[in-house]
Amino acid sequence: MLRSGAVLTGGSLALGGTAVRPASAVGEDSWPMQRFDPGNTAYDPDGTALKSDATVRTAMTAPAGFGNDYLLADGTAYVYDADEGSVIAIDLVTGDSLWTNEIADQQVVPELVETDLLVCRSVDGPTYVLNRDTGEVTAELATPRGFHLGYAGGAEWFAPTVDGRVVAGRATAEEFRWTADIEGIGFRPAVDGDRIYVATVAGVAPEDVNLESPNEMDASGRLYAIDRSDGSVVWEVTHDGVGVRPVAVADGQVYWPRADGTLAAYDAETGDEQWTFTGKGGFNAAVAVTDNAVLAGNDDGRLYGIDRESGDQFAQAGIGERVRGAPVVLGRTMFFGTDDDAVYAYSLDDGEVLWEFETDAPVRSLTAGDEHVVVGSTERCYVIGPSSGVSTGGTEDGGGSDATETGDGEETNRGFLTNDPDSELSFLDDPVTLTWAGIAVSIVGIVMQLIGEQT
Amino acid sequence: MARGLPGVWSTVLSIPFLASGAIIYFGDTPSPELLGAPLLVFGAFVVAMGWYVHLVAAPPEPRLRDEEEIIDTRHPTQKAPLAKVGLSLPFLFAAGFLMFFTTQPYVYPMGAFVVGLYLLSTGILTYWTNSLTTYYITTERVINSFRLLSLVRKEVPMEKIRAVRESKSPIESLVGVGNIRVASGGGAGLEIVIRNVNDATAFADELRGTLKSDG
């Protein structure tokens, strides 16, 4: 049952066709980089979506930050703790934490997996290369301070910096391939063909960047198309409002969500604006791009389905609270998170809500694949899977009542005799009832004894 | 007022329960909030009962008959209850550790919790009853005075005493205290158990000596 009374109005968000899987995908069902592919489309047409019986696999205290998702590869989720500067690997099936590496003092975000490597970037600047099996840092790149990392595959990466540059490199080479001079602080680039596209916020100092309330910044926005081979600026667009989320590019069209409530599409070749869609609030979540639609969450409490060609809205999901858990799409299932502490799964075939999952705080990060969804709220990271899997116990609307957190902040399901939910005496799985029973017996016993002494 | 400071010590004993219960119930912890409620209730119960025991009047001295004299007055020692409370702590700490810092099945933390809670509860109970109990040996009677809600006084006349038996539980042996059962031979109603006294053997011998001199 919908906690928020969310409704889908207008036409369904029906999709068709396929998208190209990224070359760096390490498995049939992986989410190998932020926003899934170099173009930041967040659309995996072949992924296996969790369509029902959403159940908590694990939940750990690992707050998520703005504008970053998680990664999936080979049955492992790579998540981050925005407060601790740590990166954590979680087994999707068991929910067990495989390793944790507290890399830096500031937020470190897993940006991509490539073969047996996990590449992460710190807000503080450095890019770290980790061994995916052990979590050990095997290399550190001296990228300047900045947000996010763009990736084109083939070990070719692009790092925006807070001092108005984009630096490009390959693998762990110490020398940058090129440096592009742009204006403003850039966010995760999108790559398509021989160009990269990056949005910036100009006119604001790095320490004044406000990702929570971008409109409070006295700044303007820029969108750049940069030649991938030499870093030269091909075209540039200026906008009075700012956008602090990554742009997306697909099939010759660049999509720029902005905090002033506009979502604009540009010709990737020329930079000409093709259409602008205006929501009632700011677009402060990255968009997902399918073959025929741009799916964009808005602060007005709606998830808009916008026709890619015309820019017209053809559907919307009304939630009522800000949609800042950027949408991701697997096949014909869309997932997104909201500030009403919930994640929703929508069928793009008929617009029905397949399930919703209640978190403990506003949702900021989402990744899906292998019939699992990894959700990051401002408090915790959840791995959600089908109830038929191992070590389950959660419910569709709020996680497992018999889930218990360990001292490491990891939450797993516990049984009475064993942790198997089907074990004997599973009806005794509630620690509250057991504790009440013990305390009640003790108090009654003491009182009875005292009365016995009295008589 | 009862002997010792049962209110104070009960409050001290309740602090871990009240603190952990408050943290779980009111704080932002991963444990279910309601898990803090029974801990708070138990802590509050211990505090309330402790202060009731503390403030309730201790049993008054018995009124003596003509030519009757008090030979000895004993209070139960608190060694045994303290030993039980001490023994309970490792179990309770183990229960907390297993509950909150591991994902072991509930049977393990709950098993430790039940054992720890049993030892703690019996320890506290004994502590309170000992605080409210006084034994008298007079030239004519053995008297057990207890007062919780109202005064309860049991006595066995010296001339009716048929047996004086000593007993010690393992914990009592460990801490050097014992119990003395004074039986009249007139049924259970005419029997006094002097519990948790130091030098139980000496006290029993003193009692037997009184009987011989009477005889």
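The values are calculated or read from the model by the stated rules, or taken from the named source; none is laboratory data. None of the values given here were measured: they were computed from a predicted structure. Note: ideal-geometry Cβ built from the backbone for every residue, glycine included; neighbour counts use all protein chains shown.
Quick grid of which residues meet (1) at pLDDT 85 or above; (2) under 25 Å from A:E140 (Cα atoms):
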| site | (1), (2) |
| --- | --- |
| A:F187 | yes, yes |
| A:A190 | yes, yes |
| A:E212 | no, no |
| A:R228 | yes, yes |
| A:V234 | yes, no |
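Examine the stretch B:61-76 for a residue that is facing chain A (nearest Cβ under 8 Å), farther than 25 Å from B:A200 by Cβ and surrounded by fewer than 21 Cβ atoms within 10 Å (Cβ to Cβ), and state whether such a residue exists.
Taking every residue of the stretch B:61-76 in turn, none turns out to be facing chain A (nearest Cβ under 8 Å), farther than 25 Å from B:A200 by Cβ and surrounded by fewer than 21 Cβ atoms within 10 Å (Cβ to Cβ).
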If B:Y52 meets every condition in (1) outside the structural domain of B:S131 (by TED's automatic domain parsing); (2) surrounded by fewer than 16 Cβ atoms within 10 Å (Cβ to Cβ); (3) not in a loop (DSSP other than H, G, I, E, B) apart from one, which number is that one? (2)
Selected residue [within 14 Å of chain A (Cβ to nearest Cβ) and either at pLDDT 85 or above or assigned to a helix (DSSP H, G or I) (or both)] from B:L149, B:L117: B:L117
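Rundown of residues vs (1) in contact (Cβ under 8 Å) with a residue 24 or more places away in the chain; (2) closer than 20 Å to A:V209 by Cα; (3) of a type in the set (F, W, Y), yes/no style:
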{"residue": "A:I103", "(1), (2), (3)": "yes, no, no"}
{"residue": "A:L130", "(1), (2), (3)": "yes, no, no"}
{"residue": "A:T134", "(1), (2), (3)": "yes, no, no"}
{"residue": "A:R145", "(1), (2), (3)": "yes, yes, no"}
{"residue": "A:Y151", "(1), (2), (3)": "yes, no, yes"}
{"residue": "A:A159", "(1), (2), (3)": "yes, yes, no"}
Looking only at the stretch B:166-181, which residues are more than 12 Å from B:Q78 (Cα to Cα), part of a strand (DSSP E or B), in contact with a helix residue (DSSP H, G or I) (Cβ under 8 Å, 6 or more places away or on another chain) and not polar (S, T, N, Q)? B:E166, B:I180
Could you go through the stretch A:216-229 and let me know if any residue there is within 16 Å of A:D124 (Cα to Cα) and either buried (at least 17 other Cβ atoms within 10 Å of the Cβ) or more than 20 Å from the chain's Cα centre (by Cα) (or both). no
Can you list the strands (runs of 3 or more DSSP E) lying wholly within the stretch A:282-369 that have 3 or more residues being under 15 Å from the mean Cα position of the chain (by Cα)? A:293-297, A:325-330, A:333-338, A:342-347, A:363-369
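For (1) touching a strand residue (DSSP E or B) at 6+ places or on another chain (Cβ under 8 Å); (2) assigned to a loop (DSSP other than H, G, I, E, B); (3) surrounded by fewer than 21 Cβ atoms within 10 Å (Cβ to Cβ), each residue gets a yes or a no:
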| position | (1), (2), (3) |
| --- | --- |
| A:C120 | yes, no, no |
| A:Y128 | yes, no, no |
| A:T134 | yes, yes, yes |
| A:A139 | yes, no, yes |
| A:F147 | yes, yes, no |
| A:W157 | yes, no, no |
| A:V166 | yes, no, no |
Could you please let me know if A:L112 is crowded, with 16+ Cβ neighbours inside 10 Å, under 20 Å from the mean Cα position of the chain (by Cα) and of a type in the set (A, V, I, L, M, F, W, C)? yes
